[in-house]
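The values are calculated or read from the model by the stated rules, or taken from the named source; none is laboratory data. Quantities reported herein were computed from a predicted structural model and do not represent experimental measurements. Quick reminder, even Gly has a Cβ in these numbers, built from the backbone with ideal geometry, and neighbours come from all protein chains shown.
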Amino acid sequence: MKDRYVIDTNVLIAASAADPETQKEIDATPDDPDLLLEIWLWLDTFRQGDVRMILDLEGEIYNEYCRKLGFNDFGIQVVMHKWQTASVDDVLVSYDADGHGILPASLAHTIHDLADRKMVAAALSSYAEFNEGCVAFAGDTDWHGWEDELLKHNVHLEPLIEKWSRAKYLEKLAR
C-alpha cells in the first residue's frame with residue numbers, strides 16, 4: 001500500500017455492499033460477492049493502517065460519498081475513522097462554475113467523466129504537496145483508459161480488482 005490515496009467513490013460503495021457487519025442491499029459494481037469482498041478487505045486494511053486519505057478542502061469529494069452512501073455504511077465509516085485518527089490530508093482543489101474539478105489543459109481532454117475530475121485534481125494536489133498522488137478504484141473501468149496520461153502527470157492508479165476491471169475495460173473498447 002502507498003502512504004496516501006484518493007479513494008474513488010466506487011470503492012466505498014463496493015466495500016459497503018460487502019460489509020459483513022451490515023448485510024445491506026447496495027447496488028455495487030461488480031456484483032460478484034467474491035470481488036466485493038476483495039474490495040472490502042482492501043478498504044478494511046486501509047482503515048486499520050497508517051495510510052492517509054486525501055480529501056479536498058472544499059468537501060466536494062466527501063459530499064459525493066454522502067450522496068451515494070448513508071452515514072452507517074462501511075465506506076463512510078472508514079472516512080470518519082480516518083478523520084478521528086487525524087489520517088486525512090486535505091488538499092486544495094479548484095472548481096469551475098458547474099462544480100467540476102479544474103484540470104490542466106493537458107488532462108482536461110482525457111478525463112471525460114466530469115465527476116472524476118475532482119478525484120484527479122485532488123491527486124494532482126497531493127502530488128504537488130506530498131510528492132505522492134494515487135487514486136484507488138474498483139468498478140469504474142474508465143481509469144484504465146486514462147492511465148497513460150495520468151502517469152505523465154505523476155498520478156498513479158491502484159486498481160483493486162485489476163484483472164476484472166481491465167477485462168471489463170477491454171470489453172467496453174471492443175463494443
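Could you check segment 130-175 and list, in sequence order, the residues that are of a type outside the set (Asp, Glu), in contact with a Lys or Arg (Cβ under 9 Å, 6 or more places away or on another chain) and touching a residue at least 24 places away in the same chain (Cβ under 8 Å)? Spell out how you get there, then give the answer.
From segment 130-175, those of a type outside the set (Asp, Glu) are 130-131, 133-139, 141, 143-146, 150-157, 159-161, 163-170, 172-175; that's our starting set.
Imposing the further condition that a residue be in contact with a Lys or Arg (Cβ under 9 Å, 6 or more places away or on another chain) reduces the set to 130, 133-134, 136, 139, 141, 144-145, 156, 159.
Of everything in segment 130-175, those that are of a type outside the set (Asp, Glu), in contact with a Lys or Arg (Cβ under 9 Å, 6 or more places away or on another chain) and touching a residue at least 24 places away in the same chain (Cβ under 8 Å) turn out to be Phe130, Gly133, Cys134, Ala136, Gly139, Thr141, His144, Gly145, His156.
If I ask for residues that are in contact (Cβ under 8 Å) with a residue 24 or more places away in the chain, hydrophobic (A, V, I, L, M, F, W, C) and over 14 Å from Ala17 (Cα atoms), which ones from segment 65-85 would you list?
Within segment 65-85, just Val79 meets the criteria.
Scan segment 146-175 residue by residue and report those that are in contact with a Ser or Thr (Cβ under 8 Å, 6 or more places away or on another chain) and small (Gly, Ala, Ser).
Ser165
Can you say whether Ser106 is touching a residue at least 12 places away in the same chain (Cβ under 8 Å), surrounded by fewer than 14 Cβ atoms within 10 Å (Cβ to Cβ), of a type in the set (Gly, Ala, Ser) and at negative phi, as far as the supplied structure shows?
Values: touching a residue at least 12 places away in the same chain (Cβ under 8 Å): yes; surrounded by fewer than 14 Cβ atoms within 10 Å (Cβ to Cβ): yes; of a type in the set (Gly, Ala, Ser): yes; at negative phi: yes.
Yes; evaluated as a whole, the condition is true for this residue.
What is the one condition in (1) within 15 Å of the chain's Cα centre (by Cα); (2) among the aromatic types (Phe, Trp, Tyr); (3) over 25 Å from Tyr95 (Cα atoms) that Phe71 does not satisfy?
For Phe71, the failing item is (1).
Read through the list (1) under 26 Å from Asn154 (Cα atoms); (2) buried (at least 18 other Cβ atoms within 10 Å of the Cβ), then give the number of the only condition that Gln77 fails.
Condition (1) is where Gln77 drops out.
Return the residue satisfying two criteria in turn: it lies in segment 131-175 and is among the small types (Gly, Ala, Ser) and farther than 24 Å from Ile61 by Cα, and of such residues it is surrounded by the most Cβ atoms within 10 Å (Cβ to Cβ).
If we filter segment 131-175 for residues that are among the small types (Gly, Ala, Ser), which is where we start, we get 133, 136, 138-139, 145, 165, 167, 174.
The next check asks that each one be farther than 24 Å from Ile61 by Cα; those that pass are 167, 174.
Details: Ala167: 13, Ala174: 6.
Here the residue is Ala167.
Can you name every residue in segment 126-175 that is charged (D, E, K, R) and assigned to a helix (DSSP H, G or I)?
As a first pass, look at segment 126-175 and keep what is charged (D, E, K, R): 129, 132, 140, 142, 147-149, 152, 158, 162-163, 166, 168, 171-172, 175.
Listed by number, the residues that qualify are Glu129, Asp142, Glu147, Asp148, Glu149, Lys152, Glu162, Lys163, Arg166, Lys168, Glu171, Lys172.
Please go through segment 38-74 and give me each residue that is of a type in the set (A, V, I, L, M, F, W, C) and surrounded by fewer than 17 Cβ atoms within 10 Å (Cβ to Cβ), ordered by number. Steps first, answer last, please.
The first filter runs over segment 38-74 and keeps only residues of a type in the set (A, V, I, L, M, F, W, C), leaving 39-43, 46, 51, 53-55, 57, 61, 66, 69, 71, 74.
The answer is Leu41, Val51, Leu57, Cys66, Phe71.
Determine whether Ala121 is modelled with pLDDT under 95 and either surrounded by 12 or more Cβ atoms within 10 Å (Cβ to Cβ) or at negative phi (or both). Outline the logic, then answer.
Working: modelled with pLDDT under 95: no; either surrounded by 12 or more Cβ atoms within 10 Å (Cβ to Cβ) or at negative phi (or both): yes.
Criteria not met by Ala121.
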